[in-house]
Amino acid sequence: MKADTYAIGDLQGCRNALERLLKAIGCASDHCESQKQPTIWFVGDLVNRGPDSLGALRMVRALGDRAVTVLGNHDLHLLAVAAGLRRPHRGDTINSILSAPDREDLLEWLRHRPLAHFTDGHLLVHAGVLPSWDVAQTLELAHEVEAALRGPDWRTFLASIDGNLPDQWSPTLRGPDRLRLVTNALTRMRFTTLDGRMEFNSKDAVSAAPVGCMPWFDLPQRRTQDVTLVCGHWSTLGLLQRANLIALDTGCVWGRSLTAVHLGNRQLIQVDCGDER
């Protein structure tokens, strides 16, 4: 990486853990001790299920240009609920955002976050990348979703993305089906079949993969094997580092830990999240 860059796993409203982790890497929400002003990558799911979704969202936004965050499924859920397109789920912790005086500013900022980001050989997404997509296609398809989410008909887009089908990529897909598949791949995927069909029912560990499925990153024909994928979303997977993969959902919202990794030297920094649960 060209400068100090850290990636941080799923926050899900764990503001206190984020504050402690930022201090541990020498960067607070209002200042950074390093003159290099480290960049902080967030894998998405800034909000929901944890104790302080409003505080976490405000803290990430306060980092300004130092923060690069992609959207996760919980972030999209917040936007859909705020738009009146979904009912809140039991266990949601987004009411503090919905009733906040700066609600509209926060939601507008969140709605303009990307779904994929690529710098210096590192591709940041929330969940995963389909095996048939290379970096260029991933970014192009992410931009299609981003344009819909940022455009004047963004509510129509959000209303169209619920559902698991289609579950296999085809370049002939158009309209809502195309955008739904791309959104599901980048924000919800864990397991796929060998031919790239996504499976959405299982949230289990790799050892309990559904019959005929494997983790998306293990497919031998994956066209992003020549870059490093940085992702989260999969708390039962936990921390996983390979030459071309950094998976960072270490279950902070479940009382485990919040993890940062320096993308240059792979140094790990973790804080305990027992009090967040």
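Which residues, counting only those in the stretch 24-65, are modelled with pLDDT of 95 or more, assigned to a loop (DSSP other than H, G, I, E, B), touching a helix residue (DSSP H, G or I) at 6+ places or on another chain (Cβ under 9 Å) and crowded, with 19+ Cβ neighbours inside 10 Å?
Matches in the stretch 24-65: G44, D45, L46, V47, N48, R49, G50, D52, L63.
Considering only the stretch 205-216, I want to know if a residue exists there that is surrounded by 13 or more Cβ atoms within 10 Å (Cβ to Cβ), under 28 Å from E140 (Cα atoms) and of a type in the set (F, W, Y). Even if it seems obvious, please write down each step before you answer.
Let us first name the residues in the stretch 205-216 that are surrounded by 13 or more Cβ atoms within 10 Å (Cβ to Cβ), namely 205-206, 209-210, 213-216.
Right, trim to under 28 Å from E140 (Cα atoms) and you get 213-216.
Cutting the leftovers down to of a type in the set (F, W, Y) gives us 216.
Checking the stretch 205-216: at least one residue is surrounded by 13 or more Cβ atoms within 10 Å (Cβ to Cβ), under 28 Å from E140 (Cα atoms) and of a type in the set (F, W, Y).
Taking Q221 as the residue in question, decide whether it is modelled with pLDDT of 95 or more, more than 28 Å from L110 (Cβ to Cβ) and either part of a loop (DSSP other than H, G, I, E, B) or in contact with a strand residue (DSSP E or B) (Cβ under 7 Å, 6 or more places away or on another chain) (or both).
Working: modelled with pLDDT of 95 or more: no; more than 28 Å from L110 (Cβ to Cβ): yes; either part of a loop (DSSP other than H, G, I, E, B) or in contact with a strand residue (DSSP E or B) (Cβ under 7 Å, 6 or more places away or on another chain) (or both): yes.
Taking the combined requirement at face value, the residue does not satisfy it.
I need the full set of residues from the stretch 218-231 which are in contact (Cβ under 8 Å) with a residue 60 or more places away in the chain and out of contact with any Pro (no Cβ under 9 Å at 6 or more places or on another chain), in order please. First the steps, then the outcome.
Kept after step one, since they are in contact (Cβ under 8 Å) with a residue 60 or more places away in the chain, are these residues of the stretch 218-231: 219, 221-224, 227-231.
Of everything in the stretch 218-231, those that are in contact (Cβ under 8 Å) with a residue 60 or more places away in the chain and out of contact with any Pro (no Cβ under 9 Å at 6 or more places or on another chain) turn out to be V227, T228, L229, V230, C231.
Could you count how many residues in the stretch 32-71 are small (G, A, S) and in contact (Cβ under 8 Å) with a residue 60 or more places away in the chain?
Filtering the stretch 32-71 down to residues small (G, A, S) leaves 34, 44, 50, 53, 55-56, 62, 64, 67.
Adding the requirement that they be in contact (Cβ under 8 Å) with a residue 60 or more places away in the chain leaves 44, 50.
The number of residues fulfilling the criteria is 2.
Against the definition (assigned to a loop (DSSP other than H, G, I, E, B), in contact with a Ser or Thr (Cβ under 7 Å, 6 or more places away or on another chain), under 26 Å from K23 (Cα atoms) and of a type outside the set (D, E)), how does G274 come out, yes or no?
On the way: assigned to a loop (DSSP other than H, G, I, E, B): yes; in contact with a Ser or Thr (Cβ under 7 Å, 6 or more places away or on another chain): no; under 26 Å from K23 (Cα atoms): yes; of a type outside the set (D, E): yes.
Here the answer is no, as G274 does not meet what is asked.
Going by what's in this entry, would L219 be described as more than 20 Å from N73 (Cα to Cα), of a type in the set (A, V, I, L, M, F, W, C) and under 19 Å from the mean Cα position of the chain (by Cα)? I'd like the intermediate steps shown before the answer.
Values: more than 20 Å from N73 (Cα to Cα): yes; of a type in the set (A, V, I, L, M, F, W, C): yes; under 19 Å from the mean Cα position of the chain (by Cα): no.
Taking the combined requirement at face value, the residue does not satisfy it.
For A147, work out the one condition from (1) surrounded by fewer than 19 Cβ atoms within 10 Å (Cβ to Cβ); (2) of a type outside the set (S, T, N, Q); (3) part of a loop (DSSP other than H, G, I, E, B) it doesn't fulfil.
(3)
Could you tell me which numbered condition R174 fails, if it satisfies all but one of (1) out of contact with any strand residue (DSSP E or B) (no Cβ under 9 Å at 6 or more places or on another chain); (2) within 21 Å of L46 (Cα to Cα)?
Answer for R174: the failing condition is (2).
Looking only at the stretch 72-119, filter to residues that are free of Cβ contacts under 8 Å to residues at least 12 places away in the same chain and among the acidic types (D, E); which one of those is surrounded by the most Cβ atoms within 10 Å (Cβ to Cβ)?
Selected residue: D105.
Restricting to the stretch 255-271, and then to whatever is touching a Cys at 6+ places or on another chain (Cβ under 8 Å) and outside any strand (DSSP E or B), can you tell me which residue is surrounded by the fewest Cβ atoms within 10 Å (Cβ to Cβ)?
Per the criteria, the residue is G255.
Taking the criterion of being in a helix (DSSP H, G or I), hydroxyl-bearing (S, T, Y) and surrounded by fewer than 24 Cβ atoms within 10 Å (Cβ to Cβ), would at least one residue in the stretch 178-194 satisfy it?
If we filter the stretch 178-194 for residues that are in a helix (DSSP H, G or I), which is where we start, we get 178-188.
Subset that is hydroxyl-bearing (S, T, Y): 183, 187.
Those left that are additionally surrounded by fewer than 24 Cβ atoms within 10 Å (Cβ to Cβ): none.
Among the residues of the stretch 178-194, not one is in a helix (DSSP H, G or I), hydroxyl-bearing (S, T, Y) and surrounded by fewer than 24 Cβ atoms within 10 Å (Cβ to Cβ), which makes the answer no.
The values are calculated or read from the model by the stated rules, or taken from the named source; none is laboratory data. If you're wondering where the values come from, they're calculated on a predicted model, not measured in any experiment. We place every Cβ from the backbone using ideal geometry, glycine too, and count neighbours over all the protein chains shown.
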